[in-house]
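Notes for the one structure printed next.
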2 protein chains.
Amino acid sequence: MSSSSAAPGRGDKAEKLPMRDALVAAAFRLFPERGYEQTTVDDIVALAGVGRRSFFRYFPSKEDVVFPDHERCLADMTDFLAAGPADGEPVRRVCDAARLVLLMYAENPAFSVQRYRLTQQVPGLRAYELSVVWRYERALAGYLRARFAGLPDGILRADVIAAAVVAAHNNALRSWLRSDGKGDAEAAVDHALEHVREAFTAGPVPPVAEGPDDVVVVVSRRGAPLWRVVRELETALGNG
Amino acid sequence: MSSSSAAPGRGDKAEKLPMRDALVAAAFRLFPERGYEQTTVDDIVALAGVGRRSFFRYFPSKEDVVFPDHERCLADMTDFLAAGPADGEPVRRVCDAARLVLLMYAENPAFSVQRYRLTQQVPGLRAYELSVVWRYERALAGYLRARFAGLPDGILRADVIAAAVVAAHNNALRSWLRSDGKGDAEAAVDHALEHVREAFTAGPVPPVAEGPDDVVVVVSRRGAPLWRVVRELETALGNG
C-alpha cells in the first residue's frame, strides 16, 4: 500500500511534495506549534504555498487533513473484501481486511503517533475518528451480512463479529500508539485478531483431512453400551 | 427507571411539565415542523416559555436535547455494574447492563422512533450518537477489564466482549426502531445478547453431571491404535 500522506521523519523538506502531501505536512507542522483549534485553513495553505481552494479540493474540512489516508484505506478494504473467494472463511477474510488499517498506521509510525496524541486532545477529532471507525465496521459487517445471508441470525452474527474484529484491532493498535509506536504492531494485531477468529469459528468443526495426524471426535451418550461406541469408533478410524 | 424525557403521546399538553421536560417537548414539536438545523435554541425556549439560560442549565448544546436521557442511563449503568457481585458471571452482567439502554428506549416507543428518524437524517446527530454509544461501550469494557484483571489477554477480551455486546444490543434495537417500535424489543435484545453470551462463555466445557443421558466426548488422533482409544473410552464411560 503506498501512502499519500506527508510523513514527518520522511525527509519532506528535501523533496518537492505533491500538493496534497504538502498540505498535510504543513498542517502537521502547525498543529503542535499553535494547537489544532488555533490553526486555520488559511495558515495551512500559506505555509504550503497554495491557494485556499486547493485545500478544499483535497479535504472537505480541517478535520479531514488530520486523517488523510482513511478514505483510500476504506476503498482498499472494500476492494479487498469484494475480491475474496466466495467459499473462503468469512471471519478470516474480515480479519485480513482489518489488517489493512493497521498497515496504514504502521507504514509511518511517527505520523501515526503524532496524530494519535492530537486526537486524544481534541474532542472534535475523537468524534471524527469514531465516525471513521464506524465506517470500517460497516464495511466489514456488510461483507459478513452478504456471506451469512440466509443463515439463522446471519445479520446479528455479521454485526457482532464486525464489532469484535474492530475492537480487537483497535485494542492492539492503540496499545502500540500509546507506546509511541515501539514494538511489533503487526504481531500484536495478529494476536488480537486471532483471539476473535477463535471465538467465532469454534462452531461445528469441518471434516478433517485424511492423514496420520488428524483427529477423530466421537460423541457418545454415557449410557450407551460400549460395543456400540467401539463400532462407531472403528468406522470413524477407518479400522472397521 | 423513571424517564425525565418529554413524551410525544404522553399527553404533555394536559399537564404542567417540569422545565427540562418542557424544553424536550418543545424541541421535538419544532424539529419535525422546521427541521432540526433550522430550529434554534431561541425557538425552543420561546415555545417552552422559559429563558435561554434555562436551556443551557439542562443541556450543553442543541444536540443534547435530542438525547435527554443518555446521561442518566450511563449513570444507571455505571451504578448497576458497580453493584454486581464480585463472583458473578461477568459477561452476563454486562448483558444485563446493556438491557438498561433498551429499557430506556422501550419506555417511550413513539419518542424513540421519532428521535431515530431524526438521527438518521442529521449527520451531526449521528456523530453525537456514536460518541454516546462509545461511552456505553467504555463503561462495559471498564467493568470487564477490572473483572478480567490478571487474566491472559484480559484487556483484549474485555474490549472485544464489550464491543460485541453493544453491537448485538444495537442490532436488535435498530431493527425495532426501523419497524416503528412494533414488536417485542426486549425479547429481540435478549435473543441478541444471548447470542453474544454463548459465544464468549463457551470456553472449556465444565465437567458433565453423572446421569444416563449425559455425553462423553473422546478425541483421538486418527493414527492411534484402537486398543488405546478403547481404553480411554472405557475410563471415560466409567466401564473400565
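List of remarks:
- Note on B:164-171: average number of Cβ atoms from other chains within 10 Å of each residue's Cβ is 6.
- In order along region B:135-140, phi translates into HN-Hα couplings of 5, 4, 4, 5, 5, 5 Hz, rounded to whole numbers, per the Karplus curve 6.51 cos²θ - 1.76 cosθ + 1.60 with θ = phi - 60° and x for Gly and Pro.
- Take A:Leu151, move 7 Å from Cα toward the beta carbon, and the resulting point lies 2.4 nm from the same point in each other copy, nearest first.
- The distance separating the Cα centre of region A:169-202 from that of region B:88-110 comes to 29 Å.
- Cα-only Debye scattering, region A:113-160: base-10 log of I(q)/I(0) at q = 0.14, 0.18, 0.25 Å⁻¹: -0.48, -0.61, -0.80
- Hydrodynamic radius of region A:46-88 by the Kirkwood approach over all distinct alpha-carbon pairs: 12.7 Å.
- Loop sites in region A:82-139: GluC sites (Glu not before Pro), DSSP, at most 15 other Cβ within 10 Å: A:Glu107
- Remark: the Cα gyration tensor places region A:88-147 in the oblate category, a/c being 1.5 or greater and a/b not exceeding b/c.
- Calculated P(r) of region A:69-200 - Cα pairs past 26 Å, %: 20 percent
- Ordered by the count of other Cβ atoms within 10 Å of each Cβ, fewest first, A:Met19, B:Met77 give A:Met19, B:Met77.
- Protection proxy ranking, peptides A:181-189, A:146-154, average beta carbon neighbours within 10 Å, highest first: A:181-189, A:146-154
Every number here is computed from the coordinates shown, using simple stated rules; none is lab data. Just so you know, these numbers come straight off a predicted model, no measurement behind them. Note that each Cβ is placed from the backbone with ideal geometry, even for glycine, and that neighbours are counted across all protein chains shown.
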